[in-house]
Each structure stands twice: as structure tokens, then as C-alpha cells.
Amino acid sequence: MFPGAGFYGIKEIFLGYAKLPKFLPFPVAVQHGWQQFAHSFEASARPPEIWVWSERLAAENERFYPKNKIRIIGSCFCYLMASFRNELPTCEKQGSVCIPPHSAHFVKTEYPVEEFARVLDQLGDELKPITVMLYYLDMDDHTVRAYEKYGFKVVSNGSLFDVDFLKRFILHVYDKKHCIFSDLGSGVFYASYLGLNLVHIDIQSRVFKLAVRYNTEDMVPEVGEFNEKFLASWNENTTNEELGKNHMLSAKELRRAILRNYATWSFLRRSVLQVGVRVLRWFGLFRPAVK
């Protein structure tokens, strides 16, 4: 209903943790992934609240939304692990998961795939076997073959709207010892939260086809500079701080926070508008603009 909650099963994770029916609409906007900088995506629909992971992102979002409507609750991944951890079988951790640079819906990322695969192949035996985790938008034949040529297993977690996306991520990662990565992203923090040792390999990537509404060309060097400084200052507290582990709510607190937002004018207004659009579509009276 509001930005972020419909991605990666986030709505279902929060509702399940709060012991509420998972079919309910979600009444707030949610930070759906780790971000170097906040942008206007979550604020664009004027939600009752924006839920963010960390104090850093809360401060960043104040550029786009009132401070009193920004709530720090921690990452959905922390809530999922609180519920899912006991379902994971006991295993001996070995090998690595590799998270290459990846695309997103507003950007396309390119990097020298063959070169990166060759670098992985030359790593020491203590990091092997290596499973390469590709984002579904990058699962093309050329990329998959480049990794499989060296005997690497290639996996993906599903699409943006797959409610089991994050569960599949956990199942692909929890039994590994190391996480090999180039660019910073949500998966790196999730892997660190699961206890994996982080192994950074610097490889040049290029971003293009930016959606100007939420990104600008100026952000590309800014992101690179941010990542470089961030990695240099990483310490044992970084993962928990960025995922907001200490800001997690109890099931009762989360349930109360969800329920009270159903009574807000922002939620009621958007609900009426969405029902109205569906009715008009049913009668053939509404056609979305073609861009």
C-alpha cells in the first residue's frame, strides 16, 4: 500500500512477528533495503509514518519528511531472524557466498563479470566452495555461464515481490563461513548479521539508466566515496547499528504501532482512493496514463 512494505515479504514479516493476519494491508512506508543516503521514495506517498532501520537513516529522512513521522524500528531482517532462526537445521559452516554488484529497478549495474569470476577462482581453498548469489534482474545466460564455467553454484532469491525472498536468502547464506562482495548492499549486512566473515574484493562497476526521480548522476561518485569511507571505518558494532538491532520492538509494541496507524487520515485517504480506482477499473472507467 505504501512504499517499501510490498517488497521482499516485508509486510508479511512484520505482521507475522506482531501476530496479526498477514493479509492485512500495511499502514506505513518502510525502508526496504540498506541505503547510503535517504531519498524521497518512502515520503512520496505521504504515509502516516516512515519506518527506518537506524538512527543514521532517520536523520537522513528528515530532509524529506517531518521528524515526528519517522520511526526507528530496526530492519525487517532482524525480525525475520527472530522468528526463523529456530527453524534452521544445525550445520557445519563452510565455503563462501559471493554477492556481486547488482542492478535494481531504478538502476542497471555493469561490471566485468568474466574478470570477477576469474578472481574468485584464484582465491584460496579456505574460501571454497563458492556460491554466487545473483539478483534476479541480473540472472541472464551470459552472467550465469561466466560463473558456472569455474564450477561455482549460482543461485537467486526470487523477485522483488516474492514473499519468501529473505527466507531464501537465509537458506542460501546461513551455512557459509565467508561473504565475498564488491559493492555494499543489504545482503552484505544480512550476511554479517548471520555471522559470516566479510571479504571485500574491489572491482570496478558502472551504473546507468538512472531513474531521475529518486537518483541523479551526481549520486554515483558520492556513493563510491561513501562506501570507501564506510568500509574503512567498519567495526564490530557497524552491522547492528546499521540494521538497528537495538531499536527492535517487541511483538506487542510492533502490533500496537501497526494498529494505531490504521486510524490515521493518511491511511484512510489512501485506502479510499485505491478502492475507488479499483471500482473505476472494474467498470472500465479508469485507464492509467501511458508514459
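Kindly evaluate LYS22 against the criterion of being in a loop (DSSP other than H, G, I, E, B), without any contact (Cβ under 8 Å) to a residue 40 or more places away in the chain and surrounded by fewer than 17 Cβ atoms within 10 Å (Cβ to Cβ).
yes
Residues in segment 136-149: is at least one in a loop (DSSP other than H, G, I, E, B) and either under 26 Å from PHE230 (Cβ atoms) or touching a Pro at 6+ places or on another chain (Cβ under 6 Å) (or both)?
No: zero hits.
Residue pairs, Cβ under 9 Å, 6 or more apart or interchain, first in segment 128-144 and in the same structural domain as ILE99 (by TED's automatic domain parsing) and over 17 Å from ILE180 (Cα atoms), second surrounded by fewer than 16 Cβ atoms within 10 Å (Cβ to Cβ) and polar (S, T, N, Q). List them.
Filtered contacts from segment 128-144: TYR136/SER159; LEU137/SER159.
Being part of a loop (DSSP other than H, G, I, E, B) and within 19 Å of the chain's Cα centre (by Cα) is the filter here; which residues of segment 28-48 pass it?
Matches in segment 28-48: VAL28, GLN31, HIS32, GLY33, TRP34, GLN35, GLN36, PHE37, ALA38, HIS39, SER40, PHE41.
Inspect segment 263-277 for any residue being of a type in the set (D, E, K, R), in a helix (DSSP H, G or I) and at pLDDT 90 or above and give the result as yes or no.
No, every residue in segment 263-277 fails to be of a type in the set (D, E, K, R), in a helix (DSSP H, G or I) and at pLDDT 90 or above.
Exactly one of these conditions fails for GLY151: (1) small (Gly, Ala, Ser); (2) more than 20 Å from the chain's Cα centre (by Cα); (3) crowded, with 19+ Cβ neighbours inside 10 Å. Give me its number.
Result: GLY151 fails condition (3) only.
Taking the residues in segment 80-115 that are among the aliphatic types (A, V, I, L, M) and crowded, with 18+ Cβ neighbours inside 10 Å as candidates, determine which candidate is farthest from the chain's Cα centre (by Cα).
So, considering only residues that are among the aliphatic types (A, V, I, L, M) and crowded, with 18+ Cβ neighbours inside 10 Å, the one farthest from the chain's Cα centre (by Cα) is VAL113.
Does LEU127 fit the bill of being more than 14 Å from the chain's Cα centre (by Cα) and modelled with pLDDT of 95 or more?
The answer is yes for LEU127.
For the condition modelled with pLDDT of 95 or more and of a type in the set (D, E, K, R), what is the one hit in LYS229, LYS245?
LYS245
So, in segment 106-131, how many residues would count as being in a strand (DSSP E or B) and of a type in the set (A, V, I, L, M, F, W, C)?
Residues that pass the stated criteria total 1.
Tally time: how many residues in segment 182-204 are surrounded by fewer than 19 Cβ atoms within 10 Å (Cβ to Cβ), at pLDDT below 95 and within 29 Å of CYS78 (Cα to Cα)?
Residues that pass the stated criteria total 1.
Kindly establish whether LEU160 is touching a residue at least 12 places away in the same chain (Cβ under 8 Å), surrounded by fewer than 16 Cβ atoms within 10 Å (Cβ to Cβ), outside any helix (DSSP H, G or I) and assigned by TED's automatic domain parsing to the domain that holds GLU126.
Judged against the criteria, LEU160 is a match.
The values are calculated or read from the model by the stated rules, or taken from the named source; none is laboratory data. Computed from a predicted structure; not experimentally measured. No Cβ is skipped: glycine too gets one built from the backbone with ideal geometry, and neighbour counts run over all protein chains shown.
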